[in-house]
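Below: one structure, written as structure tokens.
Every number here is computed from the coordinates shown, using simple stated rules; none is lab data. What you are looking at is a predicted structure, and each value in this text was computed from that prediction instead of being measured. Positions of Cβ are backbone-derived with ideal geometry, glycine not excepted, and every protein chain shown enters the neighbour counts.
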């Protein structure tokens, strides 16, 4: 249950950040730079949001540093994210899955897939206790 709650909250935080950044991207960055550049400019900001969200959720739920707990939360969050995105794409934008995939820019689309993998893995990759203090490294 702890892993499910962590995954749901992780999804919610990152989805919220993505919604905010996506709005900025669509309204201002795409008209100024084009879709590819706008999506590529958004990616590092989303990566920062993913790292902070993963670290916060791991701490908040005191997720044990096991692969099952950490990847469980990450892949649950990924499942929620893909469900939300595909629901919006298929229902709201009235695109088929094939049309959606075909319409993705090959460069930005590849970065997007890598970001999804990073999103799923990040709870495992972040440290629950933060960086070691200088005194503990000696």
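On a full-extension model of 0.36 nm per residue, what is the gain between residue 26 and residue 60, subtracting their alpha-carbon distance, rounded to one decimal in nm?
On the way: separation 34, 0.36 × 34 = 12.24 nm, distance 3.24 nm.
Between residue 26 and residue 60, full extension yields 9.0 nm more.
Within the range 34-56, whose backbone N sits under 14 Å from a point 7 Å along Cα→Cβ of residue 87? The answer is none, because no backbone nitrogen lies closer than 14 Å to the label point.
Projected over every direction and averaged, the convex hull enclosing the alpha-carbon atoms of the chain yields 10.0 nm². Modelled spin labels at residue 35 and residue 52, positioned 7 Å past Cα toward Cβ, are 2.9 nm from each other. For the chain, modelled as a GNM whose springs connect Cα atoms under 10 angstrom apart, the maximal fluctuation among 92, 57, 113 occurs at 92. Computed over the chain, relative contact order equals 37 percent, with contacts defined as Cα pairs under 8 Å that lie 6+ residues apart.
Using 0.36 nm times the number of residues separating residue 94 and residue 2, minus their current alpha carbon distance, what extension gain do you get?
Numbers: separation 92, 0.36 × 92 = 33.12 nm, distance 3.54 nm.
Roughly 29.6 nm would be gained on extension.
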